Amino acid sequence: MSTRLANLANALVVCAKEFPADDAPPLIERVTQLGFANGIFLTVKHPEDADQLLAELDVLEISGGVDRSALVATLHILLLGDAWLRTIGEKLSPFVQDRPDDLRRLLFGFFAGIPVAKSPPNYAKLMDAQWGSFNPETKFLYARLIRWRLTGWKPEQPPFVEFLAGFYTSGSMVGRVMVGSSQVVLAVARSFSNCWQLRVWAETGWEGGRQGVLHRPEHINAMIAELREGLLEEVVELYRSCVLTTTAPDGSVRPERVALRFFSLRRGRDYAEIYCCGEQPRLIAHVAFDFCFWMGVLSTQPIPRAVTRP
């Protein structure tokens, strides 16, 4: 068995554990399904890399003699979101249940997605059109092969850190500071029974922004310089809307309330609904930390309650 492919399968197991799902099947079944989804979208977006991976899987005879035309006919299913993956799991089960070990079952998931995405010809285009319908956490799980093809088919960071990095421009100071700071917070947050508590991420984000101004002003200045034109003014307005309106009577700031106020104002993504439904906790942790970090930065500056106009 190829060590590289074994590590690839194990890396997806780690991701599935870090990003659990309600009412999910047993771990190995879920990872096999995620492997299939990864094979699909790697083929859709980077077919040459998919061919390379398929060649490596063929050397190991991962197909186990399964007829590819039968595989395609069975698994050619076009549905959205979780319904799609659950249906895939039911159809995929007969092909993997008799395999001798979990590793080969997982690798078969990767293998199965590639030929299915190639036939019929319009299937890849249809699946690509559905990409935008997936939420950020689902996109992350379905795109691990897309990312890992750039790093020798292996992750370079823990799953949550990779997830965070996807929200920032590679090499930017904003990305370096936010991802690095969040990684430190996660190490501490894991000591709690629920490491994705909103309060933890909001309060550490707020404090991180304030401490950044005090101890790493050059980093904060570089982050501000990277903001697109007009964005700083928007962030200042959000400070007025989210911090000044939720400050306690004694003047203390309550970062959790700041984050909740931001969720209620957000347009385009309904973070309030996501949070209230208990969905995508890692996304909520990221958004709360990021927003409260910037609010903490601004808290060190004199911000009037309203813009004074002549």
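The values are calculated or read from the model by the stated rules, or taken from the named source; none is laboratory data. Treat the numbers as computed from the prediction; the structure is a model and nothing was measured. No Cβ is skipped: glycine too gets one built from the backbone with ideal geometry, and neighbour counts run over all protein chains shown.
Taking the conditions exactly as written (more than 20 Å from the chain's Cα centre (by Cα), in a helix (DSSP H, G or I) and of a type in the set (Val, Ile, Thr)), does Val14 satisfy them or not?
The answer is no for Val14.
Assigned to a helix (DSSP H, G or I), in contact with a helix residue (DSSP H, G or I) (Cβ under 8 Å, 6 or more places away or on another chain) and surrounded by fewer than 22 Cβ atoms within 10 Å (Cβ to Cβ), is that true of Leu42?
no
What are the residues in the stretch 63-76 that are closer than 20 Å to Val44 by Cα and either of a type in the set (S, T, N, Q) or under 24 Å from the mean Cα position of the chain (by Cα) (or both), if any?
Within the stretch 63-76, Ser69, Thr74 qualify.
Looking for something modelled with pLDDT of 95 or more and closer than 21 Å to Ile303 by Cα - is there at least one such residue anywhere in the stretch 265-274?
no
Can you name every residue in the stretch 167-184 that is surrounded by 15 or more Cβ atoms within 10 Å (Cβ to Cβ) and either closer than 21 Å to Pro217 by Cβ or free of Cβ contacts under 8 Å to residues at least 12 places away in the same chain (or both)?
Selection gives Tyr168, Met173, Val174, Gly175, Arg176, Val177, Met178, Val179, Ser181, Ser182.
Looking at the structure I just gave you, is Leu106 modelled with pLDDT of 85 or more, in a helix (DSSP H, G or I) and within 18 Å of the chain's Cα centre (by Cα)?
It is false that Leu106 is modelled with pLDDT of 85 or more, in a helix (DSSP H, G or I) and within 18 Å of the chain's Cα centre (by Cα).
Please verify whether the stretch 75-93 includes one or more residues that are under 22 Å from Ala6 (Cβ atoms) and either loosely packed, with under 14 Cβ neighbours inside 10 Å or in contact (Cβ under 8 Å) with a residue 24 or more places away in the chain (or both).
yes
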